[in-house]
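J.: Below you'll find the structure I mean.
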There are 2 protein chains.
Amino acid sequence: MQTRKSRASFTGRVTMADVAKEVGVSAITVSRAFRAPGKVSPELHSRIVEVSRRLGYVPSRAASALASARSMTILALIPSLTNNVFVDVLVGIKEVLDAADYQMLIAITGYDQPDAEERMLRAHLGYVPDGILLTGVDQSEAVRTMIDGQGLPTVHMMDHSDREDLWWVGYSNAEAGRAVARYLLGRGRRRIGIIASQLDPRSLRRCEGCREVLAEAGLYDPGLDLRVPDHSSIPLGAELVERLLNQAPDCDAVFVCNDDLAQGAVFQCSQRGVAVPDRLAVVGFHDLNASAWASTPLTTVRTPRYQIGREATRLLLARIEGTPTSARRIDLGFSLVRRASG
Amino acid sequence: MQTRKSRASFTGRVTMADVAKEVGVSAITVSRAFRAPGKVSPELHSRIVEVSRRLGYVPSRAASALASARSMTILALIPSLTNNVFVDVLVGIKEVLDAADYQMLIAITGYDQPDAEERMLRAHLGYVPDGILLTGVDQSEAVRTMIDGQGLPTVHMMDHSDREDLWWVGYSNAEAGRAVARYLLGRGRRRIGIIASQLDPRSLRRCEGCREVLAEAGLYDPGLDLRVPDHSSIPLGAELVERLLNQAPDCDAVFVCNDDLAQGAVFQCSQRGVAVPDRLAVVGFHDLNASAWASTPLTTVRTPRYQIGREATRLLLARIEGTPTSARRIDLGFSLVRRASG
DNA sequence: ACACGATATGTCACCGCTAACATGCGCGCC
DNA sequence: GGCGCGCATGTTAGCGGTGACATATCGTGT
């Protein structure tokens, strides 16, 4: 008892019991005052609020999660923050969570190690999230097992899947790749290249969509298909377009699977004196903020990242709370934004 | 009892007790096997690890935090993710935390409401973090009280303070502003403007540093000092430089307090036919990735954001664990990067 | 006047884990 | 051969909340 007392005072935290004693009620009444104000008389409620504020009481989520098996926290697994793409998604997620009084836990998995997603998940599952938002639909078996084992609801984001058991909000990367290929073909381009980096499943699906349409038209040339595993960045885009133009000088268009790469590619073309789009049309992907504001504004595919964050979170919260939803798979589509580069 | 049982099985989680029963030991042994492997016999340890894996056991951080008053979690309060500035800081933080087996909780405070930091802090304190990383050194009284009340160690990032009681890792925004002013004066500029947005304390300190030096030189003109509260962005930078040039056509240089604004400013100048730097020199701040890769690469101040994240986290962990540190205030400085725009 | 339901508050046990303090056991040593 | 000691493991009592159920209080209809 005495030991405990000192341990508690060591942490220095004000607890619900402290508030209860000060007000002269039992702890459960304080608990109710916060979670169900209607069940506590108005005078008591205001006194409890006042005392809590005065004492600096902050409810312990750890204790609450333990006792109620609800943490009011959702976990978002994101490949990277460096890539602005996911920042937009997070903004959408956060808005919906804030409104519902949930907290967001962000886990960054990175693109490099194949088991990173599993490790990050294991580390963060300890926080007992009430649900999980996943990026993409290509989780490893280990990840699926772990999530199912915990019985946690999940929603996938940023891609498209035919699987009946998945809840997702996104768009079809494959279809987007096809759309770009058709667009470039429609504009009379015949020697169309593909540049991609990072090679996550979504980028690859875009590449494949593009390749598919080019192949159908008999115009796919593996010599114009440049895919490297490095992280995508502006300088890498510059380097890759340089390489492409050197090995295939007659290339007249290129689908660059990420806008930062595409920005670098356009930059490099202007350095090198390659006219964009006349000599080489460049189409990017994602429509990042900066893409409209380059000396040659980028033709690109706009993805509804903010909306994906919002809708995926709405769906997840509905699942958690058992509210019926109109759909469990939401395709928010994409749109090709035509600007100067292609 | 029965009720409880069903509640537990409702959550479906595998607990330490489940593992213990399966192995045939008591829960505390399982606990020790994870936290202090040396205190458990090798055979038992490997059996416990094996069974845990097989059952899919994930320790509950909530329970652990409650029982041990240590959460192995640190909280980072960041104004915004949209601004790439802090993403770099987070990458640094995360690297150090990963190595030390700590988890990172990110709270995004936003720039808009003055009490947002307080509210976000309150919401996240419930996770019982072991320490806090704060952005800037200008926290409100309420925030300080709350943190002190919990007895939590903190380290401030991204600014500089003379206060003896603060631990911080950063650079002097005021000094950086002065350096820019001196640089532009040294290059013969006389009608020097200032453009800033967002108006967080750090931007303002940069502005003030710049103004100070200009005033000393007798060259400060409030008519060239444009500060707006809106979020910083490329289009806003374009708009502001337009406004500046309209109201003061003889302006020959401008310190733009954020690189994204500066990128927009340079873009707008090229649209408008204003020669950069001949007619108008533009100096940005932060040296974002894209700034080197514009048609007119940006002269800007490079801030060591990644290192700030790393060092601040090292310092915080040392404080938490009681390791002695060589310094409690680390000025990592900044450097003016000269490129084409100024 | 009294049973009855609605409302306000309390009691108790327990969520999953760990600090502190046992306990049991084998070993070396005088 | 008894003693003390170190090591491996167990017992107990919480950490700070909340669910389920109990109890007290009050107004209402008959």
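J.: If I take R0 = 60 Å and measure r between the Cβ atoms of A:ALA340 and B:ASP112 in this structure, what FRET efficiency does the formula 1/(1 + (r/R0)^6) give, to the nearest 0.05?
T.: Details: r = 34 Å, r/R0 = 0.57.
That pair, A:ALA340 with B:ASP112, gives E of 0.95.
J.: On to the next question. Would you kindly work out, in nm and rounded to one decimal, the distances from the label point of B:PRO249 to those of the same position in each other copy, ordered shortest first, with label points 7 Å along Cα-to-Cβ?
T.: Spelled out, the distances from B:PRO249's label point are 4.9 nm.
J.: Just add up the charged neighbours of B:PRO59: K/R +1, D/E -1, any other residue whose Cβ is under 10 Å from the Cβ of B:PRO59.
T.: Details: positive: A:ARG122, B:ARG35, B:ARG61; negative: none.
After counting each charged neighbour, the total is +3.
J.: Cut-off under 18 Å on the C-alpha distance; same-chain residues fewer than 8 positions from B:LYS39 excluded. Which aspartates and glutamates are left, in chain and number order?
T.: In chain and number order, the partners are B:GLU50.
J.: Search the structure for amide H atoms under 5 Å from the amide H of A:VAL14, placed 1.01 Å from N in the peptide plane, and list their residues when 5 or more places away or on another chain.
T.: Correct list: A:VAL58.
J.: I would also like to ask the following. Given +1 on the Cβ of Lys and Arg, -1 on the Cβ of Asp and Glu, and no further charges, what dipole in debye does the protein assembly as shown carry about its Cα centre, rounded to the nearest 20?
T.: On the way: 82 positive and 78 negative charges, 308 e Å.
So the magnitude is around 1480 debye.
J.: While we're looking at this one, here's another question. Using the Kirkwood radius built from alpha carbon pairs, what does the Stokes-Einstein equation give as D for the range A:239-342 at 25 °C and 0.890 mPa s, in µm² per second?
T.: On the way: Rh = 15.4 Å.
After rounding, the answer is 160 µm²/s.
J.: Per residue, how big is the convex hull around the C-alpha atoms of chain A? Give it to me in cubic angstrom, could you? Intermediate results must be reported in sequence, preceding the final value.
T.: Numbers: hull volume 60.1 nm³, N = 342.
Dividing the Cα hull volume of chain A by its residues yields 176 Å³.
J.: Another question, if that's okay. Less than 15 Å Cβ to Cβ from B:SER291, Lys/Arg counted +1 and Asp/Glu -1: what total charge do the surrounding residues give? Intermediate results must be reported in sequence, preceding the final value.
T.: Values: positive: B:ARG302, B:ARG305, B:ARG338, B:ARG339; negative: A:ASP260, B:ASP88, B:ASP259, B:ASP260, B:ASP287.
It works out to a net charge of -1.
J.: Let me ask you something else. Under the Kirkwood approximation applied to all pairs of distinct alpha-carbon atoms, what is the hydrodynamic radius of the range A:173-302 in Å?
T.: Taking the inverse mean of 1/r over all distinct Cα pairs, the range A:173-302 comes out at 13.9 Å.
J.: For the protein assembly as shown, give me the percentage of DSSP beta bridges that are antiparallel, rounded to the nearest 5 percent. Don't skip to the end; give the middle numbers.
T.: Numbers: 6 of 70 bridges.
Approximately 10 percent, going by the DSSP bridge assignments.
J.: Would you please give the residues with an amide H less than 5 Å from that of B:ALA281, counting only those at least 5 places away or on a separate chain, with H modeled from the backbone geometry?
T.: Excluding prolines and chain starts, which carry no amide H, the hits are B:ALA253, B:VAL254.
J.: Summarise the accessible area of the protein assembly as shown (1.4 Å probe, protein heavy atoms) by the percent that is carbon and sulfur.
T.: Values: 15000 of 28860 Å².
On the protein assembly as shown, the fraction of accessible area on carbon and sulfur atoms equals 52 percent.
J.: Something else about it: Quick one: work out the % antiparallel among DSSP beta bridges in chain B, nearest 5.
T.: Values: 3 of 36 bridges.
Counting DSSP beta bridges with both partners in chain B, the antiparallel share is about 10 percent.
J.: For the range A:1-146, taking Cα atoms only, what is the radius of gyration to one decimal and the Dmax to the nearest whole Å?
T.: Cα-based Rg and Dmax for the range A:1-146 come out at 19.8, 57 Å.
J.: PRE reach from B:ASP162 (point 7 Å along Cα→Cβ): which of the range B:208-230 fall under 20 Å by backbone N?
T.: B:208-216
J.: Please name which of A:GLY149, A:ALA99, A:SER31 has its Cα lying farthest along the dipole of chain A towards the positive end, using unit charges on Cβ (Lys, Arg +1; Asp, Glu -1) and the Cα centre as origin.
T.: A:SER31
J.: Under 16 Å between alpha carbons, and skipping anything fewer than 8 positions from B:LYS94 in its own chain: which aspartates and glutamates qualify?
T.: Reachable aspartates and glutamates: A:ASP112, A:GLU117, B:ASP130, B:GLU311.
J.: Label-to-label distances across copies for B:LYS39, with labels 7 Å out along Cα→Cβ, in nm, shortest first?
T.: For B:LYS39, the inter-copy label distances come out at 3.9 nm.
J.: Hey, another quick one. Wrap a convex hull around the Cα atoms of the protein assembly as shown, take a quarter of its surface area, and give that in square nanometres. Could the numbers behind the result be given before it?
T.: On the way: hull surface 140.4 nm².
Convex hull of Cα atoms, orientation-averaged projection: 35.1 nm².
J.: Accessible area per residue, 1.4 Å probe, Å², for chain B: what's the number? Before the final figure, lay out the partial values.
T.: Numbers: 14470 Å² over 342 residues.
Here the residues of chain B average 42 Å² of exposed surface.
The values are calculated or read from the model by the stated rules, or taken from the named source; none is laboratory data. Model, not experiment: these values are computed from the prediction. Positions of Cβ are backbone-derived with ideal geometry, glycine not excepted, and every protein chain shown enters the neighbour counts. Surface areas here come from the heavy atoms of the whole protein model, side chains and all, with no ligands, DNA or RNA. Shrake-Rupley method; radii C 1.70, N 1.55, O 1.52, S 1.80 Å.
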